[in-house]
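Worksheet: one structure, shown below.
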Amino acid sequence: IPHSMIDGEAKCAELLVNGFKLDNLVLNISHSNGVSNIKHMSAALYGGAILGNALVDFASKDMPYRVNAEIKGVRIEELKRETAFKDYDISGIIQARFGMKGSSGDLSGLSAWGKLNITKGKLWQLNLFRGIGTLLFRSDYRSVLFEEVSCDFSVKDKCFSTSDLAISSSLLNLYGTVNITFDKVIKAYLKAEFTDEGIDAARMSDMAGAIERYSMIEIKGPLSDPQYKLRPDLS
């Protein structure tokens, strides 16, 4: 491949990548001087679509690459079937734009950046959100949809980071920073703001009720069992 010259199109009705399925994949490819240029890629992806382009330098020893992609309308209830969360009652619609670059086989050098948006999200069964719900509410919060989850993010030095996470729902809004390492350790600081409906519904836990509308949540530890601390927001 490094010494070939290629200009063409490739199609695939179904392709599995690390257990995730792409349908009706189309690639427009050119290759010369050891560099492959995927000028355009498109595929159906779990009720939505993924579009993108990429460069891969096969002539270099560490095979550096760069990818730009956009995800449109991917449905979590379909995506979850390929994951450990397949039996969870979670749903939502994912939109995202991202870029990434790195070298083949070297996760330590991976860097990425982008924007993520989830609408109509039913996510309370995920461990992180379940912990927040248990901390702030007595009960009856799991059917509440996240109207929108959004953030700009980056990945560097084996860590996913965002400083502008914003989550809105009819009962509660959350804002803050999140860092998650590749070995699944989280550190997050979130401002919690109860809406009028959240307060009037008398669903607040005793601790949250004592603090009332505004509080700060600190989350630290392994993603499988993080520790939560709640205090008044004095800002």
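The values are calculated or read from the model by the stated rules, or taken from the named source; none is laboratory data. The structure displayed is predicted, hence computed values, not measured ones. As a convention, Cβ positions derive from the backbone with ideal geometry for all residues, glycine included, and neighbour counts pool all protein chains shown. Protein only, heavy atoms only, side chains kept; ligands, DNA and RNA dropped before computing areas. Shrake-Rupley method; radii C 1.70, N 1.55, O 1.52, S 1.80 Å.
I'd like to check which strands (runs of 3 or more DSSP E) are fully inside segment 125-235 and have at least 3 residues that are under 16 Å from the mean Cα position of the chain (by Cα).
Once the strands (runs of 3 or more DSSP E) in segment 125-235 are filtered for at least 3 residues that are under 16 Å from the mean Cα position of the chain (by Cα), what remains is 146-156, 159-169, 172-181, 185-194.
Have a look at 75, 66 and point out the one that is at pLDDT 95 or above, crowded, with 16+ Cβ neighbours inside 10 Å and basic (Lys, Arg).
75
For the subset of segment 214-228 comprising residues that are more than 15 Å from residue 180 (Cβ to Cβ) and hydroxyl-bearing (Ser, Thr, Tyr), which member is surrounded by the fewest Cβ atoms within 10 Å (Cβ to Cβ)?
The selected residue is 214.
Which numbered condition in (1) among the charged types (D, E, K, R); (2) at pLDDT 90 or above; (3) under 21 Å from residue 123 (Cα atoms) is the only one that residue 203 fails?
Going through (1) among the charged types (D, E, K, R); (2) at pLDDT 90 or above; (3) under 21 Å from residue 123 (Cα atoms) one by one, residue 203 breaks only (2).
Go through 192, 166, 188, 208 for me and flag whichever is among the aliphatic types (A, V, I, L, M), within 30 Å of residue 113 (Cβ to Cβ), open to solvent by less than 60 Å² (accessible area, probe 1.4 Å) and touching a residue at least 40 places away in the same chain (Cβ under 8 Å).
Just a single option satisfies the conditions, and that option is 192.
If I filter segment 101-115 for residues that are within 22 Å of residue 218 (Cβ to Cβ), of a type in the set (S, T, N, Q) and either touching a Cys at 6+ places or on another chain (Cβ under 8 Å) or open to solvent by 20 Å² or more (accessible area, probe 1.4 Å) (or both), do I get at least one hit?
no
Are any residues in segment 90-144 closer than 21 Å to residue 154 by Cα and in contact with an Asp or Glu (Cβ under 6 Å, 6 or more places away or on another chain), and if so, which ones?
Matches in segment 90-144: 97, 103, 115, 119.
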